[in-house]
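A.B. asks: What follows is a single structure, and I will ask about it in a moment.
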Amino acid sequence: MDNNKGQSVSTSMIYKSLERYSVLLFQTIVQIVVARILSPSDYGIVAMMLVFISIASVFINNGFNSAIIQKKEADDRDFGTALLINFLIGIIFYVFLFLAAPSIAHFYNEPNLVVCLRVLALILPIGSISSIQSAVAVRMMMFRKLFICNIISSVISGAVGVVMALLGAGYWALIAQQISSVIVVAIALTINASWKPRFAFDVNSAKDQFRFGWKMLSAALINAVYRELNSLIIGRKYSATDLSFYTKGRTFPSTITSGVDSALQTVLLSSFSKKQDNIKEIHRMMHVSSSVNSYLLSPLLCFLAVVGSSLTSLLLTDKWLPMVPYMQICCVTFALHPMSSINLQALAAIGRSDVRLKLEFIKKPFGILLLILSIPHGPLAIAISAAITSIFSLFVGFMACKILLNYRISDSLKDILPSFGISIAVGAIVYLLNSININQVLLLTIQFIVMVGLYIAFSAIFNVFGYNFLKQKYRQYNNELHIIK
């Protein structure tokens, strides 16, 4: 087997992750600044609207753009057809939300939502264009240009959000930040990317893309509706403030995982698709991707769960402390997302997008049952039910890969358990340091150093694959620099 091929995929994934984390780091700083200014109820108002925006966005960000990436041969005709259909979908959903805004406001008993939702929903038709632009760039492996566009968008939209928050705009600062982000991305991609948006329509191309895309879309829609159902119930049954603690508790774990998860979904679908006739090569890619992403994410999420209270108090102030239990639970939930993404992308790459849809019909009834049982026990119980569902969903994905790709469940567990086990053991040691009565910043610094030091030491002692792989990549990078010099 050609090792360089597997490494080229992992290198692209690492590069994409580093790019994504640069954007996320800036966005996190902006979120911290804005959260210190605004109240939890401001975030809750926007979170109520994002329930419906997120579901509508599934139709824009899944389906035709996934078909563009997966298709073996694609040209301007395919790109233009996907762009036209996606844009029409964006317009249709904007009109729907515009008309439904009064009913949604009545559902939440928040009259101010009418105007806010009609403005925020503008991100749908705009995002429908940038979604296809991004898919074309991913297909062409133009991650550097995507990175530049996302950085520009983050800087401008972040500045808009902070300035409006300082001026006392309240939740309108968050709305303006969201809208300016998608506008700038669309403009930046048009300027920087080699493919310029052009509307076209070809019946055969549309049918071909729809045959693949509708299954991906349906699966993503079921997943999104289930995910947003939690927020919908909390916002309706409890309060905007409760919803803000729930959604904000997801922010830090989501930020940590989304860089790797984004790399998995962008790099792997394209890379797996090119190797869809070589199962052994897909096995190698799955092994490397699962092991490395687990090795990187496990200690970060474990550290976040252990120091959650101190970190929240320091960065966001004590008014956000009620979000900590949600954040700790979400660390478990989000730790499993990238592994699930690897399974799903591998299945989609071999043309079995139908399996992804079937899996949702297995996973979601289980999740909905847990959700129904948890509702009477409060928002925290709802968050716990989501974490349990994530664990169940991961093992369902393992089963599908065993049946269709002959990738054994034992191999999947070997990829992730070493990193998980070491992270939990080291996290327990770091947790004991919370009892030390010293300056908060100094304590967090000591805890981070201990976490990193012990994690690396145990990784070397137990010969963890992710550690050895990253060490090898680091040595290769140094050798290349030495040759250049």
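A.B. asks: What does the accessible area of residue 227 come to, in Å² to the nearest 10, when a probe of 1.4 Å is used?
C.D. replies: Here the accessible area works out near 80 Å².
A.B. asks: Which FRET efficiency value, to the nearest 0.05, do you get for residue 95 and residue 199 by plugging their Cβ-Cβ distance into 1/(1 + (r/R0)^6) with R0 = 22 Å? List each step's numbers first, then the result.
C.D. replies: Numbers: r = 19 Å, r/R0 = 0.86.
My answer for the efficiency is 0.70.
A.B. asks: Which far-off residues, 5 or more places away or on another chain, put their amide H under 5 Å from the one on residue 407, with H placed in the peptide plane?
C.D. replies: Amide H neighbours of residue 407: 402.
A.B. asks: Whole-Hz Karplus ³J(HN,Hα) for the range 75-89, in order, using 6.51 cos²θ - 1.76 cosθ + 1.60 and θ = phi - 60°, x for Gly and Pro?
C.D. replies: Once θ is set to phi - 60°, the couplings for the range 75-89 become 9, 4, 5, 5, 5, x, 5, 4, 5, 5, 5, 5, 5, 4, 4 Hz.
A.B. asks: If the label point is 7 Å along Cα→Cβ of residue 450, which residues in the range 419-434 have backbone nitrogen under 14 Å from it?
C.D. replies: Only 425-434 fall inside the zone, counting backbone N under 14 Å.
A.B. asks: Given just the C-alpha atoms of the range 317-449, how large is their convex hull per residue in cubic angstrom? Mind dumping the intermediate values first?
C.D. replies: Numbers: hull volume 19.2 nm³, N = 133.
It is 144 Å³ per residue.
A.B. asks: How large is ³J(HN,Hα), in whole Hz, for each residue of the range 313-318 in order, when computed from phi with the Karplus curve 6.51 cos²θ - 1.76 cosθ + 1.60 and θ = phi - 60°, using x for Gly and Pro?
C.D. replies: Along the range 313-318, the couplings run 4, 6, 8, 10, 6, 5 Hz.
A.B. asks: For the cross-link pairs 414/471; 248/319; 248/363; 280/402, which exceed 22 Å when the distance is taken from alpha carbon to alpha carbon?
C.D. replies: Details: 414/471 19 Å; 248/319 12 Å; 248/363 25 Å; 280/402 13 Å.
Pairs exceeding the cut-off: 248/363.
A.B. asks: Taking the Cα centre of the range 335-485 as origin, work out the dipole magnitude from +1 charges on Lys and Arg Cβ and -1 charges on Asp and Glu Cβ, in debye rounded to 20.
C.D. replies: Details: 12 positive and 5 negative charges, 66 e Å.
Roughly 320 debye, rounded to the nearest 20.
A.B. asks: While we're on this one: Going by the alpha-carbon gyration tensor, a ≥ b ≥ c the square roots of its eigenvalues, is the range 401-443 rounded (a/c under 1.5) or, if a/c is not under 1.5, prolate (a/b greater than b/c) versus oblate? Write down the numbers at each step before the final one.
C.D. replies: Numbers: a/c = 7.23, a/b = 4.46, b/c = 1.62.
Since a/c reaches 1.5 and a/b is larger than b/c, the shape of the range 401-443 is classed as prolate.
A.B. asks: Using alpha-carbon positions, what is the distance between the centroids of the range 304-345 and the range 381-453, in Å?
C.D. replies: So the separation of the two Cα centres works out to 11 Å.
A.B. asks: Another one. Round to the nearest 0.05 the FRET efficiency obtained for residue 462 and residue 207 when R0 = 51 Å and r is the Cβ-Cβ distance. Kindly include the intermediate steps, with their values, before the conclusion.
C.D. replies: Working: r = 52 Å, r/R0 = 1.02.
It comes to 0.45.
A.B. asks: Taking 8 Å as the Cα distance limit and 6 or more residues as the minimum spacing, I'd like the relative contact order of the range 398-485 as a percentage. Could you put the intermediate results ahead of the total?
C.D. replies: Details: 31 pairs, mean separation 18.9, N = 88.
About 22 percent, as a whole number.
A.B. asks: Still on this structure, I have one more. Projected onto the charge dipole of the range 44-181 (+1 at Lys/Arg Cβ, -1 at Asp/Glu Cβ, origin at the Cα centre), which of 95, 111, 54 gives the Cα projection farthest towards the positive end?
C.D. replies: Comparing the listed Cα positions along the dipole, 54 ranks first.
The values are calculated or read from the model by the stated rules, or taken from the named source; none is laboratory data. All of these numbers come straight from a predicted model, not from anything done at the bench. Using ideal geometry, Cβ is built from the backbone for each residue, glycine included, and neighbour counts are taken over all protein chains shown. Side chains are part of the model used for accessible areas, which takes the heavy atoms of the whole protein and leaves out ligands, DNA and RNA. Shrake-Rupley method; radii C 1.70, N 1.55, O 1.52, S 1.80 Å.
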